[in-house]
Amino acid sequence: MSDLPSPLLTHRFTEAVDFARVAHCAQVRKGTRIPYLSHLLAVASLVIEHDGDEDAAVAAVLHDAPEDQGGYAMVGQIRARFGDTVARIVEECTDTFEDPKPDWAPRKTRYVEHLMDEASLGARLVCAADKLHNARAILHDVRASEDRAAFWARFSASPEPIGWYYGRVELALRVRLANHDGRQIAMELAFALDATAAIPGCDAFGRGLALGRDGGECPPRDGRRGGLTS
């Protein structure tokens, strides 16, 4: 038994799951009754399966806590309990700490530029896993939806800017994870996005996706909402 390798995951991961369970206890996945913790566990699973270390796995479980539950104060709690590396990854995965949030398009543009130019490997891996799980959820839900317009109305942006954002993120991840196991996540992300774009009624999403993959600027919002702020 002494020859067995040390486990990748220790009590820190268990404590992070419990921390996230409490932090997100009142949240569910958008448009569902699914506890939000399910998303965080799925993201952590993808990180672990693609060569992420324990810091990245812990950060995956905690990556939404500052945006949803307390901003910089939450980052401080994470740093105190789980260390600087975890806190830095979580901070890098948060696109803003401002309240109210800045406009959607410039905020998302800054985030994808950070992802391409400055983000750490851990942050890119967590981001890739997060976007893949979200993209798969979109694909599943849009396939099951009888009213595509009502489905897209769940979101803070219209389908074309959403497609653009995913296209830009996919482009950054394909480039920056090209020499890491995380490139498989980027490939799976591309498959899920292509499948969504091919669904009847998702043409605008597909146009935005193509624009984002080409590195284009975010298309203007369609006026359906007063602002893109979520």
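The values are calculated or read from the model by the stated rules, or taken from the named source; none is laboratory data. None of the values given here were measured: they were computed from a predicted structure. Counting neighbours? That spans all protein chains shown, and the Cβs are built from the backbone with ideal geometry, glycine included. Heads up: the accessible areas ignore ligands, DNA and RNA and are worked out on the full protein's heavy atoms, side chains in. Shrake-Rupley method; radii C 1.70, N 1.55, O 1.52, S 1.80 Å.
Descriptive notes on the structure:
- In a reduced charge model with +1 at each Lys and Arg Cβ and -1 at each Asp and Glu Cβ, the chain shows a dipole moment near 640 debye about its Cα centre.
- For Val28, the residues whose modelled amide H falls within less than 5 Å of its own, excluding neighbours fewer than 5 places apart on the same chain, are Tyr36.
- The largest accessible area among Asp55, Asp99 belongs to the first residue in Asp99, Asp55, and the rest follow in falling order (1.4 Å probe, all chains).
- Largest-first ordering by accessible area, 1.4 Å probe, given options Glu15, Glu118, Glu98: Glu118, Glu98, Glu15
- On a per residue basis, the chain carries 49 Å² of accessible surface, using protein heavy atoms and a 1.4 Å probe.
- DSSP-loop chymotrypsin sites (Phe, Trp or Tyr not before Pro) across the range 63-159, with at most 15 other Cβ within 10 angstrom: Phe97
- By a 1.4 Å probe calculation restricted to protein chains, Ile48 has an accessible surface near 50 Å², given to the nearest 10.
- Helix-only [θ]222 nm of the chain, DSSP H runs n ≥ 4, -39500 (n - 2.57) each, per residue, nearest 500: -20000 deg cm²/dmol
- Selection from Cys93, Leu40, Ala135, by position along the positive dipole direction of the chain (Cβ): Ala135
- Cα lying deepest toward the dipole's positive end in the chain, options Gly83, Pro159, Ser120, charges on Cβ: Pro159
- Expressed as a whole percent, the accessible area of the range 57-196 that falls on carbon and sulfur atoms is 46 (1.4 Å probe).
- For Ser158, the solvent-accessible surface computed with a 1.4 Å probe is close to 10 Å², ligands and nucleic acids excluded.
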